[in-house]
Each structure stands twice: as structure tokens, then as C-alpha cells.
Amino acid sequence: MPRDDRTASSGTMTEPPKSGAFRLGRLRSMGGDGLAMLIASCTGIVATAGISLALCLYHVLTVARRASTTSVAGTGPVLVPGVCLEPAGHPGRDFLLRLSRASRFEEAEIVVLGGATRLGVTASEAAAGRQWLIENGVPAERVRCEEASRNTLENLRAARRHFTRAGTKPVIVSNRYHLARLGLLARGLGMNPLFCAAEERLTITPGMVRRLLLEAFFIHWYVVGKTLARLLRHESMLSRVS
């Protein structure tokens, strides 16, 4: 899992690295600890004949089906995790669903999370999301950006550090397939958020099956890695997920 060593930005877009440096940077960000967690996770899947992964998939599917779309009343900001932008630098379908749902929260502060993660696109996910919200009627003063995080865990860590206060309940808006992992990671970080699904209902398509399976794998990786780190009392591993 990538190490989070970045801070929030007020809104300045940065130039992404070149192709080779981009891929190498991602590999290095995993580090030896992240690789060890990944190997342990894959070993667990093989050792259980896939049952452990199936249990994670069941959890992802259950949360996705049961998630609420009501504009729940939190006591903190509305957090919108970013999604990798389209090649032209615009939000894609999943990101637009998140942004559209977040825009329905009247008077709430909205924080869009995510840096520049697509090779060749200079815009950050947060900046592109903020622009869409403003263009679709949300007052600019209600929308803030965090432009350094590169994945879901970093999104939440940045939100915890810069945009939430102890004792508050932020609302996290995301796609249904993503909510189970968000909940697990948020609880691991000591956050106590509410969740709102971007879509009205879960629709099973080949693409959705792929997303659900990928989320199950990420959850399995996280759970096995965190369990291993606790058993070994490995502070470096634990620091990646807390």
C-alpha cells in the first residue's frame, strides 16, 4: 500500500511525472512492507481456496446493495473521493455520479479529494471535481480541494488531517461498490463518518462485477496485511494503514 507522505494543497495543479518515473514511483511507493502485505494476502487466498476472498466479496456486495442515498445529516463536511480522470482531463461516469450526489447536500461544505493520477493529465481529480460542482450550481466558497492524495487510503488520511475535527461525523459520498472499503479504512483511521451512495441502486453488469471483485481483493489485502502487522508488532506496516 502506498506510503502517505504528502500534504493538502489549496488548489494549485502540478505537472505529473513522465511515464517511466510515474510507474517507478508507484512501485517504490508500495515499498517492502506493502509488497509483503500483498504476498501474504495472495497466499491467504490460495490457502483458503478462495473462500477468504469470497467472504470479502460478500461483504462488498452486501454493503453496496444496502447503502442509503438519502442526504444524511452529518456534523462535518461532505467528502468526495476522486476517481482517475478521463484522458481529456474530465471526470468520468463514476466520478460524476459522486459529484452529482454531493451537490444535493444544501449548505454543506464539500471537500473533493484526489491529486493528478492520470499520466499526461495535469489537472488533479479534486480540481476537476471542484470545477464541475461550481459549473453545476454549487457556490465556489462551499467547495474545497485536497490535491495530493493518490488512492482511497490517502484520501481519507488527508481528510482526517485537514478537513475534519474530532467528534464530528463527515459524510462520505461514493459509488456503491466502493463503500465497503471506505468504511473499513475509515474505521481503521479512527474516523466515524456517515456514508451516502452515489447511485440510486446497484446494477450488476460485467463491468460492475469486475469492480466488486477488485474491491474485495483490496479489502482482503488490507485485512490480511493489518492482521499480519499486528501479529508481528510491525510498526512500519501498521503506520501505512493507520
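The values are calculated or read from the model by the stated rules, or taken from the named source; none is laboratory data. Predicted, not measured: the structure shown is a model, and the values here were computed from it. All Cβ positions, glycine included, derive from the backbone under ideal geometry; neighbour counts span all protein chains shown.
Return yes or no: is residue 57 at pLDDT 95 or above and in a helix (DSSP H, G or I)?
yes
Count, please, the residues in region 65-77 that happen to be crowded, with 17+ Cβ neighbours inside 10 Å and either modelled with pLDDT of 95 or more or closer than 15 Å to residue 175 by Cβ (or both).
1
Could you count how many residues in region 143-166 are surrounded by fewer than 18 Cβ atoms within 10 Å (Cβ to Cβ) and free of Cβ contacts under 8 Å to residues at least 60 places away in the same chain?
1
Quick one: residue 115 ticks every box in (1) assigned to a loop (DSSP other than H, G, I, E, B); (2) within 19 Å of residue 177 (Cα to Cα) bar one, so which box is it?
Exception for residue 115: condition (2).
Residue by residue through region 131-168, note down the ones that are under 17 Å from residue 84 (Cα atoms), part of a loop (DSSP other than H, G, I, E, B) and not charged (D, E, K, R).
148, 149, 151 - these are the residues of region 131-168 that are under 17 Å from residue 84 (Cα atoms), part of a loop (DSSP other than H, G, I, E, B) and not charged (D, E, K, R).
Looking at region 186-205, is at least one residue crowded, with 20+ Cβ neighbours inside 10 Å, part of a helix (DSSP H, G or I) and not aromatic (Phe, Trp, Tyr)?
Yes.
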